[in-house]
Each structure stands twice: as C-alpha cells, then as structure tokens.
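The values are calculated or read from the model by the stated rules, or taken from the named source; none is laboratory data. Predicted, not measured: the structure shown is a model, and the values here were computed from it. Cβ placement follows ideal geometry from the backbone for every residue including glycine, while neighbour counts extend to all protein chains displayed. Just so you know, the surface numbers come from the protein's heavy atoms only, side chains and all, with ligands and any DNA or RNA stripped out. Shrake-Rupley method; radii C 1.70, N 1.55, O 1.52, S 1.80 Å.
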Amino acid sequence: MKSQTDGRSVLLPINDSGSSISCLRSLGKRGVHTIAVSERRDRPALASRYCDETVIVPSPYDDLLAYRDALLSLAERPDVYTIVPHREVDSYVLGKYRDQFEEHVVALWPSFEQVRTVHDRLRQAEAAREAGVAIPETYSFDEVDDWSRELIVKPRYSILTHDYVDSLSENECEGKMEVIYTAAGTEPDLEAIQETMHKSGRHVPDHVPIVQELVRDTRTEYGFRGLYDDGESVLTCQKRQVRGKSYAGGASVYRETMYDPAIEELGRTMLDHLDWHGLASVQFLKEPDTGEYKFTEINPRVWASIEMDVIAGADFPSAHWLLATGEPDRIETEYEVGAGNHLLFGEFQYLWSILRKRYPAIEPPSFRAAVWDVLSSCYDQPHFDYLHLDDPAPFVRGVLNQLPVGGRSGTEMAGQ
C-alpha cells in the first residue's frame, strides 16, 4: 500500500451528472489533485477549474474489460491513492475486481457481494425483509397473475453484466434502464417491456424485470445517505425530494436536506444489516395514508444530488478522502436542515412532463402552480448542481451539449 505522503491524487470516474462536478469542486478546494476519467471529452465536469487532469478511457458499455484494465492501469500510478465510484458500473468493476485494485489503492467501496445484493432488486427486497424494513410488495414479472392492481415494472438489475444474465459476455454491459408504469387491468407484454426498458433497445430474454405495488406518492422520495467504514457509520445525511424530472417522480431535480428519526433508524438498519463499506444512498417512499416509509433501493456509489449534502455541510467527497487517508477525526458530521438545490435543466424537464406526458394513476399538477413552485424555490434556494459563479464552465459546457446544432448526437443518460 502507498505511504501517506504529499502529492496524492484521487481517481474520479465521471459522468454527466452534477455529482461529478460536486466531487471535483469539493476535493479540488481541499488541494487534492483530481484525475477525472471518462470515455467522452465533452463531459461538463471536465471543464471545471478543479479538474486537474483528464484521462480518456474505453467506454464500459462498449468493452467492460477494457474499461477495467484502464482503471487498473491508473490505479497503479504511485500518486493515485483512492477511487470514488460514480456509476453502477464503477461499483460493479471495483467490487468484482477489488483484490486487484486494493493492491494499489485504498478500497473504500463495497465488496462484490454487497454490490450484487443491491444491484438485484429481488435480493435487495429479501435483505430488507431480513432486516425487518418495510418494502412495497415485490415480485418477479413471471410470478404476477393479478394485473388488476396499480403496479409498476422495474428492471430487476441496476445494470446488466455476465454475472447477472448469462446472455451477456464478460466484456458486455447494459447501462441505465427505465421504469415502466402500467395501467391497472392491463397485462403488459414481457418482450415489449424488455426492449423498451433497455436503453440500447436490445432484447435480453433472461432479464426478467420485477413488479412492485405502486406507492401512491411516488413524487416525494426520501433518502438516507451514508459513508461507512467496515459496518460503522462515519457520516450521514437525509434528503427529501421535492420534484423529480417528471411529475411522476424519477431522478430528483429539486431536493432539500431534512431529518427524521424514522429514516435515520431505517437507513442505518439497512446498511448495518449489509455490513456496509463506502458510500451508499438508501431510498424510501412514504405511504400517504399511513405515513409508513417503505424501502425502495440502495445506490452503492456517489448519488446524483450530492451537491445538496455539500451545501448543507455534509461534505461526503471530502469525508471520503479523509477516511481513505486515515484522518476520520477531521470529518464534520453536522449539517443544516432545509438546505436545497436544483438541477436547472431538470426543472425544465419537470415542467415539460406536465405539458406532454401522462402516467397511469398519477394526476399531473396545475402547470401554472408548478411554474410558481419552481420559480419561488429557485429564489428561496439559489443553489444549483452545475451553475457556480466561481466555476461557470461546466454549466456552459452542459448547455452546449444540449443544443441541436453543435451539441451531442445520441446524448448518453447522465446516470451512465
């Protein structure tokens, strides 16, 4: 293992999410040398003043093993001290090949067994039942014989690899997949769902999705975020999602910090049960009639809305570095409740969904009221994932990427 000397670097596999920029800014402001790793040169984070070094690597969605080898080669550099996983595929690669990586860097991320459990929603559900944490009713698609209820169809796996489905080879990987909302009383076609769910449009016959009961309030999601060291909590924070990218929910575009002892207990119960190591975001929905929180998923990586935590004082990127470098006593554990921030482009997606999209069993809000909510919250909480006055280039790069002329063709999802 490398000795703790000056000149240490952190390796950050990045994507289009604002979380990549937040991590670069947090660590860069601490004077940590940041190495951003990406398969694309136009990632907004690469334009940040806090991005010290850029390395272009093969896409894991084109060749998973080539991506692994590129990360390993970088981990062998004497200055690289640790790696922070940003995507599901990063957690998969770092977890599966943990033994090879920890020969060179501090492996502050979950084991492959932990990653497999949280990547598989059926195994996740079983873990929650074992821990005594409430979950929505969850089934494999082929076990459902009553479609008269309000149900949603989700991918069983967070990503698809050879370890999860036999039809993929060792170097193949399918990325982010979509949730499907179904109308009550209508049995969806499995093959059509498989093709719709996979971003590539590829039919993966051995990926049988799961079906869950619909929790009536899908718009307000709650999160417990934690940094753990071999099963011990180091830093935690809580989130309330106010708006998602659509009026039905989805990835958060406006969120606020909060504290609820019930979420604290449930989040810790799940991560303690899994003997967690590294970063994790535990998600819950709340039954409007009973007020009961129900566990939905765990993300074994940096979460997209981490900028909110940093603004509130729960600086997870900094804490990750301090823990990896043997200085956990310097981690600040207090955070401000009620701090909020926005994904600005996501706010436009939210408003657009009200005008153009409809979801079974979920009524859209008034467009006029929604516009007022967005504008007033931006005034009250003028904090944004991309837009920082002292580091404007990532926002400019993100805008350019969205332009029909001169922007990207076939833009990847931010979650990949």
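Brief remarks follow.
- Screening the candidates 35, 21 for the property of being under 25 Å from residue 299 (Cβ atoms) and in a strand (DSSP E or B) yields one hit, 35.
- Residues in region 194-214 that are modelled with pLDDT of 80 or more and not acidic (Asp, Glu): 207, 208, 209, 210, 211, 212, 214.
- Whichever residue in region 56-99 is acidic (Asp, Glu) and free of Cβ contacts under 8 Å to residues at least 40 places away in the same chain and, among such residues, is farthest from residue 322 (Cα to Cα): 62
- All conditions but one from (1) at pLDDT 95 or above; (2) open to solvent by 40 Å² or more (accessible area, probe 1.4 Å); (3) in contact with a Gly (Cβ under 8 Å, 6 or more places away or on another chain); (4) not basic (Lys, Arg) apply to residue 51; the one that does not is (2).
- Residue within region 235-251 that is open to solvent by 30 Å² or more (accessible area, probe 1.4 Å), more than 16 Å from residue 284 (Cβ to Cβ) and of a type in the set (S, T, N, Q) present: no
- Taking each residue of region 336-348 that is farther than 15 Å from residue 17 by Cβ and looking for partners that are open to solvent by 30 Å² or more (accessible area, probe 1.4 Å) and among the β-branched types (Val, Ile, Thr) with beta-carbon atoms closer than 6 Å, six or more apart or interchain, yields 339/311.
- Residue in region 366-373 that is modelled with pLDDT of 90 or more, over 24 Å from residue 178 (Cβ atoms), in contact with a Leu (Cβ under 8 Å, 6 or more places away or on another chain) and surrounded by 13 or more Cβ atoms within 10 Å (Cβ to Cβ) present: yes
- Total residues in region 150-189 satisfying the condition of being farther than 30 Å from residue 16 by Cα, at pLDDT below 85 and out of contact with any Pro (no Cβ under 8 Å at 6 or more places or on another chain): the figure is 5.
- Only one of the numbered conditions (1) in a helix (DSSP H, G or I); (2) among the hydrophobic types (A, V, I, L, M, F, W, C); (3) buried (at least 24 other Cβ atoms within 10 Å of the Cβ) is not met by residue 72, and that is (3).
- Test: residue in region 265-279 that is among the β-branched types (Val, Ile, Thr) and either assigned to a loop (DSSP other than H, G, I, E, B) or open to solvent by less than 40 Å² (accessible area, probe 1.4 Å) (or both): no
- Residue that is surrounded by the most Cβ atoms within 10 Å (Cβ to Cβ) [pool: residues in region 75-112 that are out of contact with any Leu (no Cβ under 9 Å at 6 or more places or on another chain), in a helix (DSSP H, G or I) and among the acidic types (Asp, Glu)]: 88
Condition check ((1) β-branched (Val, Ile, Thr); (2) assigned to a strand (DSSP E or B); (3) surrounded by 19 or more Cβ atoms within 10 Å (Cβ to Cβ); (4) in contact with a strand residue (DSSP E or B) (Cβ under 7 Å, 6 or more places away or on another chain)) across all residues:
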{"site": "136", "(1), (2), (3), (4)": "no, no, no, yes"}
{"site": "148", "(1), (2), (3), (4)": "no, no, no, no"}
{"site": "166", "(1), (2), (3), (4)": "no, no, no, no"}
{"site": "171", "(1), (2), (3), (4)": "no, no, no, no"}
{"site": "186", "(1), (2), (3), (4)": "yes, no, no, no"}
{"site": "191", "(1), (2), (3), (4)": "no, no, no, no"}
{"site": "195", "(1), (2), (3), (4)": "no, no, no, no"}
{"site": "206", "(1), (2), (3), (4)": "no, no, no, no"}
{"site": "215", "(1), (2), (3), (4)": "yes, no, yes, yes"}
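- Contact map, region 277-288: residues that are more than 15 Å from residue 128 (Cβ to Cβ) paired with residues that are acidic (Asp, Glu) and part of a strand (DSSP E or B), Cβ distance under 7 Å, separation 6+ or inter-chain. Pairs shown: 277/229.
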